[in-house]
Amino acid sequence: MTLIGRTRARGIETLTLDSPHNRNALSAALVGELASCLADCAKEDAARAIVLTHTGNTFSAGADLKDPPDPDALVGLLRQIVELGKPVVARVTGHVRAGGLGLLAACDIAAASTESTFAFTEVRIGVAPAVISLTLLPRTDPRALARHYLTGERFDAAEAARIGLVTTAGDDVDAVLEPILDGLRRAAPEALTETKRLLTAKVLETFDRDAAHLTALSARLFASPHAREGMTAFLERRDPSWVE
């Protein structure tokens with residue numbers, strides 16, 4: 001079963017997360033297939049940029065609790081997007097949760113519809129947004145991120161734009177993206193590559209410094225009693241034992 005759709009139009013490669021049965025959760029299979037598609041796109045001289053979008057009403061629900069990716073594989077995917085020699089643009093018309101927000105933050109530009117919602121739900125199932133911090137901490141307002149990391153509250157596209165999680169938001173996401181994609185088409189390919197390298201240098205420094213520690217932290221937390229209780233409660237649609 002193919003989990004990533006792929007099309008090309010006027011120099012823009014579009015990769016579509018297409019795993020509706022689990023709301024495009026980051027399963028081991030989806031992470032692997034997306035990494036493979038990105039590697040193929042990187043080799044396409046005719047592709048000026050890559051749009052990452054989704055089917056259904058959810059961009060990504062976060063890690064697939066039934067088939068989670070290896071933390072090293074998720075780190076590799078996030079770094080691959082950051083290092084890719086072509087701009088990656090997220091197109092979001094639905095909800096984004098937990099690990100999906102790390103994927104969103106790895107993209108160079110992100111546009112969301114006003115119907116989109118966002119939440120860092122990790123603390124509510126007994127873990128922390130560890131690996132995804134590699135892309136989020138360098139790019140997002142720290143005071144706002146503290147609130148959203150610690151509470152798991154849901155917030156809207158206007159707040160996501162205010163804190164730097166997305167670049168821009170509007171009622172019609174394709175209308176919002178039109179001038180952005182036109183600008184990318186007008187840019188010289190080598191200039192785009194070198195400009196992206198300037199913009200991502202600090203993010204890659206975070207990977208070099210923190211990836212091993214955050215990967216180990218993620219593995220430790222997911223194996224903890226709190227995580228087992230939190231994930232069981234989530235799957236059983238009940239509050240975990242620690243809720244007052």
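Output the residue which, of all residues in the range 65-100 that are within 12 Å of residue 134 (Cβ to Cβ) and touching a strand residue (DSSP E or B) at 6+ places or on another chain (Cβ under 8 Å), is most open to solvent (accessible area, probe 1.4 Å). Once the filter is applied, the top-ranked residue is 74.
What pairs come out if I take residues in the range 30-48 that are within 14 Å of residue 2 (Cβ to Cβ) and pair them with residues that are of a type in the set (A, V, I, L, M) whose C-beta lies under 6 Å away, six or more apart or interchain? Filtered contacts from the range 30-48: 30/3; 33/3; 33/4; 34/4; 37/4; 37/15. Checked against (1) touching a strand residue (DSSP E or B) at 6+ places or on another chain (Cβ under 7 Å); (2) assigned to a helix (DSSP H, G or I), residue 15 meets all criteria but (2). Among the residues of the range 220-244, just one is of a type in the set (Val, Ile, Thr) and loosely packed, with under 11 Cβ neighbours inside 10 Å, namely 243. Among strands (runs of 3 or more DSSP E) entirely within the range 75-154, having at least 3 residues that are under 13 Å from the mean Cα position of the chain (by Cα) singles out 88-92, 95-97, 109-113.
It is to be established whether one or more residues within the range 175-190 are free of Cβ contacts under 8 Å to residues at least 60 places away in the same chain, open to solvent by 40 Å² or more (accessible area, probe 1.4 Å), under 23 Å from residue 118 (Cα atoms) and in contact with a Ser or Thr (Cβ under 7 Å, 6 or more places away or on another chain). So far as the range 175-190 goes, no, none of its residues is free of Cβ contacts under 8 Å to residues at least 60 places away in the same chain, open to solvent by 40 Å² or more (accessible area, probe 1.4 Å), under 23 Å from residue 118 (Cα atoms) and in contact with a Ser or Thr (Cβ under 7 Å, 6 or more places away or on another chain).
Please work out if residue 32 is part of a loop (DSSP other than H, G, I, E, B) and at pLDDT 95 or above. Working first, answer last.
Values: part of a loop (DSSP other than H, G, I, E, B): no; at pLDDT 95 or above: yes.
So residue 32 fails the test.
The values are calculated or read from the model by the stated rules, or taken from the named source; none is laboratory data. If you're wondering where the values come from, they're calculated on a predicted model, not measured in any experiment. Using ideal geometry, Cβ is built from the backbone for each residue, glycine included, and neighbour counts are taken over all protein chains shown. Remember, those area values only see protein heavy atoms, side chains included, never the ligands or the DNA or RNA. Shrake-Rupley method; radii C 1.70, N 1.55, O 1.52, S 1.80 Å.
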